[in-house]
Amino acid sequence: MNGIRFRLNGKDTCYEGSAADRLLDVLRDEYDMKSVKCGCKEGECGACAVLIDGVLINSCCVAMGAVDSHEILTVEGYRETARFEALSKAFADLSAVQCGFCIPGMILAAEALLSKNAHPTEQEVRTALSGNICRCTGYNAIVNAVMNAAKEGDGLW
Amino acid sequence: MVNGYKPTTLQEAVEIKGRTDAIPYAGGTDLMVKNIPDAVYLFLNDIDELKQITQDDEYIHIGAAVTFTQALADDLVPPLMKEAISRIAAPAIRNAGTFGGNLGNASDKADSVLAGFALDARVRLVSVSGERNIPFDDFCVRRGVTNIGDDELIAEILLPKEKCALPYYYKKIGGRSALAISRVAFAGAYEVRDGVIQAISATVIGEGKFTRYREVEATLIGKKVDEVRANADEYAERFIEKMTFIRGRVSTEYRKVVVTNLFKDYLASLE
Ligand SMILES: Cc1cc2nc3c(=O)[nH]c(=O)nc-3n(C[C@H](O)[C@H](O)[C@H](O)COP(=O)(O)OP(=O)(O)OC[C@H]3O[C@@H](n4cnc5c(N)ncnc54)[C@H](O)[C@@H]3O)c2cc1C
Ligand code: FES
Ligand code: FES
């Protein structure tokens, strides 16, 4: 039996477990990617979001077999980039982080948006983040931070 | 791989379906929430043939593994379908969720299925022993039940171009603007010439099952739009009479009132 081969944050990886295992659990428990949070396991909160081939996907709704031959990015990989720096600075400047639980998902949702649309309107930002639930901030600071990152980080996306 | 099959062609997938009990898996957004114990999946997400949107003289073909995000960016997909799927959940779900999954899941609240019903959609099913091409009406039996065979896979859905070109009506009523499953939704496509209704479809989410109300539709065809508008209450009553309103999470009273209002709004919008 062949394992499931994929790239995780740029590294070739082979998972020998069940193809039915949940990507969220495997990322956290097998590969120690603790930025990927579990808020619901129902696709509702976005805290478990990762990028698969650059596309935002909730990892709780993915079975391992589906990622065979694909490329996964979590914040552990993304944090090495200048784009992450720009988002991180904007989130800090605008105090857009409170407890932090939703933030990895928010950051990747923002990256998914900005990589396709470097100069989004506020409404486009709100739509892009509409699957990411935050219990602390009331969203406005997060939306403003993404708008700011797009402005300050002009040219990065 | 352990507990899974990952074919790259539809032919292989159909053969696996024919000889195993593996569960077809497209985007996983319904399956992973259901969390079926000891599941063995037949992964369809890397089969190129199932990810195409094409057209011929008569139909727009949408592959079973086409995601909502992909369809929203494609010019071939008609506006009614786009409007219905653009309101599904949020980006991460639209990036994964597929047309085959929406239909295969047999939910009575599937938004792409609603639009398909209004457009006289058909579904093409394939198995090792051949294929079937049947209307949505025949495929969807009731909530939780379709008439797919044990050895069949959904290959694609087909939308008649003639219907895709018609003016349409669509409204979704959910609990909030994102991540809201439809409580009630209404879709219809129609053709009015010289003030007279030539063709009309009406279909809803809210009864508890998908159906077309062909008798009521038939009573509207050939009627003047003005007459229909003037007697909207009466037509709405006939429409509601045809419905059985299967018990669900949202009260029957509420659904009846909203469906009645949407039907009248639909009639008022005809032009
Ligand atoms: C948070 C959240 C919000 C949602 N909101 C909405 C909403 O607003 N509107 C809506 O309509 N839906 C909604 N859904 C449901 C779901 O996203 C859709 O039904 C989606 O279309 C399912 O597609 P999938 O590819 O993910 O299906 P999967 O989970 O992969 O499969 C669903 C079912 O279809 C079967 N199947 C899949 N492909 C095939 C095939 N080719 N042949 C035969 N059987 C097949 C599977 O075996 C399974 O039974 C939501 C889901 C979540 C988690
Ligand atoms: S844990 Fe995946 S969406 Fe909430
Ligand atoms: S900062 Fe606490 S959930 Fe968003």
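Of all residues in segment B:24-43 being of a type in the set (V, I, T) and surrounded by 18 or more Cβ atoms within 10 Å (Cβ to Cβ), which is nearest to ligand 2 (Cβ to nearest atom)?
Only one residue fits best here, namely B:T29.
If I go through segment B:48-89 residue by residue, how many of them are among the charged types (D, E, K, R) and within 19 Å of B:A180 (Cβ to Cβ)?
Of the residues in segment B:48-89, 3 are among the charged types (D, E, K, R) and within 19 Å of B:A180 (Cβ to Cβ).
Would you point out the residue of segment A:35-55, among those that are surrounded by fewer than 23 Cβ atoms within 10 Å (Cβ to Cβ) and within 16 Å of ligand 3 (Cβ to nearest atom), that is nearest to B:I181 (Cα to Cα)?
If we take residues in segment A:35-55 being surrounded by fewer than 23 Cβ atoms within 10 Å (Cβ to Cβ) and within 16 Å of ligand 3 (Cβ to nearest atom), then A:E44 is nearest to B:I181 (Cα to Cα).
Quick check on A:I72: is it away from ligand 1 (no atom under 16 Å from the Cβ), closer than 30 Å to B:G4 by Cβ and modelled with pLDDT of 95 or more?
yes
Quick one: would you say A:I72 is surrounded by 21 or more Cβ atoms within 10 Å (Cβ to Cβ), more than 14 Å from chain B (Cβ to nearest Cβ) and in contact with a Phe, Trp or Tyr (Cβ under 9 Å, 6 or more places away or on another chain)?
no
Enumerate the helices (runs of 4 or more DSSP H) found wholly within segment B:1-112, keeping only those where 2 or more residues are acidic (D, E) and more than 14 Å from every other protein chain (Cβ to nearest Cβ).
The qualifying helices (runs of 4 or more DSSP H) are B:10-19.
For segment A:38-57, give me each residue that is within 16 Å of ligand 1 (Cβ to nearest atom) and within 10 Å of the chain's Cα centre (by Cα).
Scanning segment A:38-57 gives A:G46, A:A47, A:C48, A:A49, A:V50, A:I52, A:V55, A:L56, A:I57.
Of all strands (runs of 3 or more DSSP E) completely enclosed by segment B:121-239, which ones contain at least 3 residues that are buried (at least 18 other Cβ atoms within 10 Å of the Cβ)?
Correct list: B:122-127, B:153-160, B:168-173, B:184-193, B:203-205.
Considering only segment A:21-35, I want to know if a residue exists there that is facing another protein chain (nearest Cβ under 9 Å), assigned to a strand (DSSP E or B) and over 19 Å from B:A92 (Cβ atoms).
no
Whether any residue in segment A:45-59 is away from ligand 2 (no atom under 14 Å from the Cβ), among the polar types (S, T, N, Q) and either within 19 Å of B:D46 (Cβ to Cβ) or facing chain B (nearest Cβ under 9 Å) (or both) is what I want to check.
no
Looking only at residues in segment A:8-34 that are among the hydroxyl-bearing types (S, T, Y) and surrounded by fewer than 22 Cβ atoms within 10 Å (Cβ to Cβ), which one is nearest to ligand 2 (Cβ to nearest atom)?
Among those residues, the one meeting the criterion is A:Y31.
Quickly run through segment A:63-119 and pick out the residues that are on the phi > 0 side of the Ramachandran plot and away from ligand 3 (no atom under 13 Å from the Cβ).
A:S69
Quick check on my filter: what residues within segment B:240-271 are over 15 Å from B:L220 (Cα atoms) and outside any helix (DSSP H, G or I)?
Matches in segment B:240-271: B:M243, B:T244, B:F245, B:I246, B:R247, B:G248, B:R249, B:V250, B:S251.
Name the single residue that is nearest to B:N35 (Cα to Cα) among those in segment A:1-14 being within 14 Å of another protein chain (Cβ to nearest Cβ) and in contact with a helix residue (DSSP H, G or I) (Cβ under 6 Å, 6 or more places away or on another chain).
Looking at residues that are within 14 Å of another protein chain (Cβ to nearest Cβ) and in contact with a helix residue (DSSP H, G or I) (Cβ under 6 Å, 6 or more places away or on another chain), I get A:I4.
The values are calculated or read from the model by the stated rules, or taken from the named source; none is laboratory data. Note that the coordinates shown come from a computational prediction; the quantities given were computed from them, not determined experimentally. For neighbour counting, all protein chains shown are included, and Cβ atoms are generated from backbone atoms with ideal geometry for every residue, glycine included.
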